[in-house]
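Worksheet: one structure, shown below.
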Amino acid sequence: MNHSRIFVAGHKGLVGSAVVRALESRGNVEVITRDRAQLDLTDQAGVRRFMAEVRPQAVVLAAAKVGGIRANDAYPAEFIWNNCIIQCNVIDSAYRCGVEKLLFLGSSCIYPKFAPQPMREEHLLTSELEPTNQWYAVAKIAGIKTCQAYRRQYGFDAVSLMPTNLYGPGDNFDTVNSHVLPALLRRFHEAKLSGASSVTVWGTGNARREFLHVDDCAQAILWCLANYQGEDFLNVGTGQDVTIRELAETVARVTGFTGELLFDATKPDGTPRKLLDVSRLRELGWQASIPLEQGIADTYRWFLEHQDSLRTEPRFDGK
């Protein structure tokens, strides 16, 4: 199914901006965006009015309040309320105003803290969540279930994707609040500039993580908009992981840091492994294409070009 008018909710965020880039590169698509000053997605009447007036054919719902462990711990009510309200407003208004298709973006944090590895879609809700980000996770689970409910009751073509750890242009590079890959990029870059003899990384370096370039994620989104009509949500990732040590060594190469790499084993590793099983999406016909080191180099170039205007969390993506 081809859509010529697509509303990207959250177009200023990491994922939303990548979706806009991908759509604009294809051409023949009218990309509809609104920032928070133009459209408050927590305002039900405003969202309904916007959908009725603009009449997009498809919606990519990438808008969310996002943040790391500290932000989730400090603002639990804001994380669950804002995300649930945004999702319900956009999904309900899209259905009632005749949108042909909606794609909802979740997060791999929806899975239980001790889910089997790699994590398959059927592992959802099989045991307790990670407490530090449960508020965000519960909201994202609610988004999945809302899409499924509107499909079952109304026949609304709403699908959900759950991406793994994302990185790329537009990421948050704050050294305290950002996720591991952009934080390492900035730390190694600054260590190189200062002539530091070493960089210390938290943990043993043995924990394993999966990383997906956001441009690959955007391609998966557009592919699913055109080709997927299922009720079940789909994992989106590379299906491969690396140790934090391997990640740090790659970042050092990319940034040109030649000093010593140290690991502080007194600091926590976190979950030993976090890897998505992406076999369902791969069997349907899509898989990631950007190698990790190439993607990190691309991200580092973007960081160098934009480092004077980088943001910190918490934030509202695209709002």
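Bear in mind that the values in this text are calculations on the coordinates, not laboratory data. Fair warning: this is a prediction, and the values are worked out from it, not measured in the lab. All Cβ positions, even for glycine, are placed from backbone atoms using ideal geometry, and neighbour counts span all protein chains on display.
Residue by residue through the range 251-283, note down the ones that are assigned to a loop (DSSP other than H, G, I, E, B) and of a type outside the set (Ser, Thr, Tyr).
Just the residues of the range 251-283 that are assigned to a loop (DSSP other than H, G, I, E, B), to begin with: 256-259, 265-272, 275, 277-278.
Selection gives 256, 257, 259, 265, 267, 268, 269, 270, 272, 275, 277, 278.
Checking the stated criteria, residue 71 turns out to be within 17 Å of residue 172 (Cβ to Cβ) and either crowded, with 16+ Cβ neighbours inside 10 Å or under 20 Å from the mean Cα position of the chain (by Cα) (or both). Looking at the range 136-167 only, could you name the residues that are over 23 Å from residue 42 (Cβ atoms) and out of contact with any helix residue (DSSP H, G or I) (no Cβ under 9 Å at 6 or more places or on another chain)? 151, 152, 153, 155 - these are the residues of the range 136-167 that are over 23 Å from residue 42 (Cβ atoms) and out of contact with any helix residue (DSSP H, G or I) (no Cβ under 9 Å at 6 or more places or on another chain).
Here is the figure for the range 1-25: residues that are touching a residue at least 60 places away in the same chain (Cβ under 8 Å), outside any loop (DSSP other than H, G, I, E, B) and farther than 19 Å from residue 52 by Cα total 9.
Let's see how each residue does on (1) outside any loop (DSSP other than H, G, I, E, B); (2) surrounded by fewer than 21 Cβ atoms within 10 Å (Cβ to Cβ):
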site: 127; (1), (2): no, yes
site: 148; (1), (2): yes, yes
site: 152; (1), (2): yes, yes
site: 205; (1), (2): no, yes
site: 216; (1), (2): yes, no
site: 219; (1), (2): yes, yes
site: 223; (1), (2): yes, yes
site: 238; (1), (2): no, no
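When restricted to residues that are closer than 27 Å to residue 172 by Cβ and of a type in the set (Phe, Trp, Tyr), the range 1-60 contains 1. Of the residues that make up the range 73-83, is at least one within 19 Å of residue 158 (Cα to Cα), of a type outside the set (Phe, Trp, Tyr) and part of a loop (DSSP other than H, G, I, E, B)? For the range 73-83, residues within 19 Å of residue 158 (Cα to Cα), of a type outside the set (Phe, Trp, Tyr) and part of a loop (DSSP other than H, G, I, E, B): absent.
Within the range 104-125, if we keep just the residues that are out of contact with any Phe, Trp or Tyr (no Cβ under 6 Å at 6 or more places or on another chain) and surrounded by 23 or more Cβ atoms within 10 Å (Cβ to Cβ), the residue that is nearest to residue 49 (Cα to Cα) turns out to be 104. Which condition number does residue 112 fail, the rest of (1) out of contact with any helix residue (DSSP H, G or I) (no Cβ under 6 Å at 6 or more places or on another chain); (2) in contact (Cβ under 8 Å) with a residue 24 or more places away in the chain being met? Residue 112 satisfies all of (1) out of contact with any helix residue (DSSP H, G or I) (no Cβ under 6 Å at 6 or more places or on another chain); (2) in contact (Cβ under 8 Å) with a residue 24 or more places away in the chain except (2).
Table: residues versus (1) under 29 Å from residue 129 (Cβ atoms); (2) β-branched (Val, Ile, Thr).
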site	(1), (2)
39	no, no
54	no, yes
69	yes, yes
79	yes, no
96	no, no
119	yes, no
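Given the criteria surrounded by fewer than 21 Cβ atoms within 10 Å (Cβ to Cβ), under 15 Å from residue 88 (Cα atoms) and not small (Gly, Ala, Ser), does residue 5 qualify? Spelling it out, it is not the case that residue 5 is surrounded by fewer than 21 Cβ atoms within 10 Å (Cβ to Cβ), under 15 Å from residue 88 (Cα atoms) and not small (Gly, Ala, Ser).
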